Amino acid sequence: MTARLPVFPLGTVLFPGLVLPLHIFEERYRALIRRLVELPDGVPREFGVVAIRRGSEVAPPAPPDGSPVGLAGVTLYEVGCTAELRQVTELPDGGFDVVTVGRRRFRLTSVDERSAPYLTAEVEWLPEPAEPDEVTGVLAARVIAVFRQYLGLVRPDPEAIAEQLPEDPTVLSHLVAATAALTVADRQRLLAVDDTADRLRAELRLLNREAALLRQVRAVPVPLRELSGPPAPN
């Protein structure tokens, strides 16, 4: 099943169920927020968030002839997540502070740079995860244990987050992906994984990698740049 969505390129990855506050200052995205606010009750107020592979979040000034800026040299990842508008505060300068929540994953099939002031895209919805089974439950328990160890290395108060970890394996996998100090590329790979068990397995590899690197940095007094880079996940 496909749909057309407004698309908001960002230098971050949004996951289902996660909160994403945004400060809207570009005119094209002000127009998007105004359009969403004007939708009738019952119509989803959502847009697609897609991480930027190369390029800048901020577009160059619009051409003098008023034509759309378009992608302007920005390259996007293929998989994104819709952001549902939950709270809107209009600012004196005409901008907005908004709070959104990630809802559902999609894959870009085509991007339209011309038909609206902002980008729109044809997208196909990605499958929702199946009900958790015994294997997924075991993997979730292992991820929780490793994530607690990881938090102990990077947070002064790891229990503040660890105590709030969800029991649902899919929700847990999204929270870990968004919370751990991973690169955009790592997060993007996790977002693109359809199966919760596979995502949890990938997170175990990433968390063990990051924890080992953190321990090495603490144990060896050498500049970080002299350490070998982390291996890419399979």
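The values are calculated or read from the model by the stated rules, or taken from the named source; none is laboratory data. Just so you know, these numbers come straight off a predicted model, no measurement behind them. Cβ placement follows ideal geometry from the backbone for every residue including glycine, while neighbour counts extend to all protein chains displayed. Keep in mind that these areas ignore ligands, DNA and RNA; they rest on the heavy atoms of the full protein, side chains included. Shrake-Rupley method; radii C 1.70, N 1.55, O 1.52, S 1.80 Å.
The set of residues in the range 1-19 being touching a helix residue (DSSP H, G or I) at 6+ places or on another chain (Cβ under 8 Å) and of a type in the set (S, T, Y) consists of T12 alone. Of the residues making up the range 3-37, those that are touching a residue at least 60 places away in the same chain (Cβ under 8 Å), open to solvent by 30 Å² or more (accessible area, probe 1.4 Å) and in contact with a Lys or Arg (Cβ under 9 Å, 6 or more places away or on another chain) are T12, G17, V19. Please state which of the following conditions D186 fails to meet, knowing it meets all the rest: (1) in a helix (DSSP H, G or I); (2) in contact with a helix residue (DSSP H, G or I) (Cβ under 7 Å, 6 or more places away or on another chain); (3) more than 20 Å from I52 (Cβ to Cβ). The failed condition is (3).
The single residue among F15, F25 that is at pLDDT below 95 and either within 21 Å of the chain's Cα centre (by Cα) or closer than 23 Å to R53 by Cα (or both) turns out to be F25. Consider the range 38-86 and keep the residues that are open to solvent by 20 Å² or more (accessible area, probe 1.4 Å) and among the polar types (S, T, N, Q). The one that is modelled with the highest pLDDT is T75. Taken over the range 120-141, the criterion of being open to solvent by less than 70 Å² (accessible area, probe 1.4 Å), of a type in the set (A, V, I, L, M) and assigned to a loop (DSSP other than H, G, I, E, B) is satisfied by L126 alone.
Under the condition of being open to solvent by 30 Å² or more (accessible area, probe 1.4 Å), in contact (Cβ under 8 Å) with a residue 60 or more places away in the chain and either closer than 30 Å to D194 by Cα or of a type in the set (V, I, T) (or both), the residues counted in the range 87-100 number 1.
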